[in-house]
Amino acid sequence: MKITKGRSSATQITWYYSFVLAFITVVMGLSLTGVVGYQLAVSKINDANGLMNSLQSSFIDDRLDWEHWRANSNIDTQDTYVKVYYDRNNERHTFYSKNTKDYLTKKQRHVPLLNTIEIRDFWHPYYHLYKTNKGIHYEIWVGFHSVTHLFRLIFYTIILVMLVSFLIGTWLISVLAKKLNKPLLNLTKSAQIINQSQPLPEDTQLPVPKNPQEVQELTKEINRLLRQLDERVKLNQQFVSDASHELRTPITAIRGHVQFIQRHGKTHPEIIDRSLGFIDSESLRMQRLVESLLNLSRLDKSTISVTKINMTQVIQEFIEGYRDSISQKIILKLSSDVWALVNSDSLEQIILALLNNASKYSSPEEAITIKLFQANQEVHLEIADGGVGISDEEKNKVFERFYGVDKARNQNIPGTGLGLAIVKRLADLNKITITISDNKPKGTKFDLLFKKG
């Protein structure tokens, strides 16, 4: 992502919220204008009704007293036209207020759906009110000139206020968008600098802005992800280094014996069988190491489906076929019919790896105990040995790949250093909690906690 895109995003935010602001302002302005215009029109209509009542009371002795009508009207009648007529003795008597005859000669139009509104002189609206009382017909035309003038004044004022509000709001939105976008721009720029660094420096972190809080939290999460990736890279590098070292040892030994046979095999044929035996054992060791590496690689990319199984039955059947594989005695302390949620194949692999580990670090006279029980709605599986034990400092390290307990003193103990790493990965896939503690008076105890089935 380029920095210019960050700037364009701020512009897009400004235009988007400016459009929203303009829309809201127009809606509010039109609503306010409509409400005010409606109230003014209603007020004028009420005035027209008051004039009509006053007009009827001013008709005395078959005559209309205009002075009395104007005197009793509490509104301006200058923009009002009146026509009163009645028929008597086959003769129509008609009375007009001042300028009414000229008004009625002008071209008349009606507003659609509003028959009481007449428009004369292009755009001069009038409210027409008609009533009949005791055979006398009263017509009044009340001009809306003051209403339209006030309405236009309010409308123009609202338009002006809307325009000023829109300009100020757009400016404020632009300032706010740039302010909010600045931390993202800095974050993008820092990421670009980091990406251009080859190789990437260790413990790479992005600068954490003080605000806004959302960008601050995002940066913290990115930094947390970077730390995890950095740790993963370091682990992978260490894994490759350890694997190379572990593979180099048998390869070096095999090549050494091959060269030894090539140099001395013809003159000393008795060394061939001994060297071939050593080559065979080292190649077998290398094969086991490669198989363990492949197994770990598959587990890193796999998922496990768990089912409800009878752990008591599975463990009993597995131990019956395994007892003769190790020199130590296996003691079973299994509660009957203990059910748990776990993958059956994973369970057997875990037990096999832990038993092999216990056998490696225990003398043939020391028994290995397997205990299965249920407590507090949880299933516990304990595998305890009477071997050399694990120090507190090393308990958290034994699940690391290629880690061997007290390597300096136990170089003669065979193994790839991957068995417990595989156990930990299988436990994680099955959501099994595994802990290590001392087995009194000596040895090590692995406690596995399963979900009850």
Q) Ordering His264, His257, His149 by how much accessible area each has at a 1.4 Å probe, largest first, what is the list? A) His149, His264, His257
Q | Estimated distance in nm for a label pair at Asp280 and Ser335, the labels positioned 7 Å out from Cα along Cα-to-Cβ | A | 4.9
Q) What is the calculated FRET efficiency for Leu294 to Ile319, with r their C-beta to C-beta distance and R₀ = 22 Å, to the nearest 0.05? A) 0.25
**Q.** For region 153-196, diffusion coefficient by Stokes-Einstein and Kirkwood Rh (Cα), 4 °C, 1.567 mPa s, µm²/s
**A.** 100
Q: With label points built 7 Å along Cα→Cβ from the Cα atoms of Ile272 and Phe19, find their separation and express it in nm.
A: 8.7
Q | Area accessible to solvent at Arg92, 1.4 Å probe radius, in Å² | A | 140
Q: Using a 1.4 Å probe and ignoring any ligands, DNA or RNA, find the accessible area of Trp339 and quote it in Å² to the nearest 10.
A: 100
Q.
Along the Cα→Cβ direction, 7 angstrom out, place labels at Lys134 and Val240. What is the inter-label distance in nm?
A. 11.4
Q: Go through 447-453, 21-27 and give me the packing order, highest mean Cβ count within 10 Å leading.
A: 447-453, 21-27
(Q) Let me check something: with ligands and nucleic acids excluded, how do Leu153, Leu426, Leu104 order by accessible area (1.4 Å probe), largest to smallest? (A) Leu153, Leu104, Leu426
Q) To the nearest 10 square angstrom, what accessible area does Lys445 show with a 1.4 Å probe? A) 50
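The values are calculated or read from the model by the stated rules, or taken from the named source; none is laboratory data. Here the structure is a predicted model, which is why all the values come from computation and not from measurement. FYI the Cβ positions are ideal-geometry reconstructions off the backbone, even for glycines, and counts take in every protein chain you see. Just so you know, the surface numbers come from the protein's heavy atoms only, side chains and all, with ligands and any DNA or RNA stripped out. Shrake-Rupley method; radii C 1.70, N 1.55, O 1.52, S 1.80 Å.
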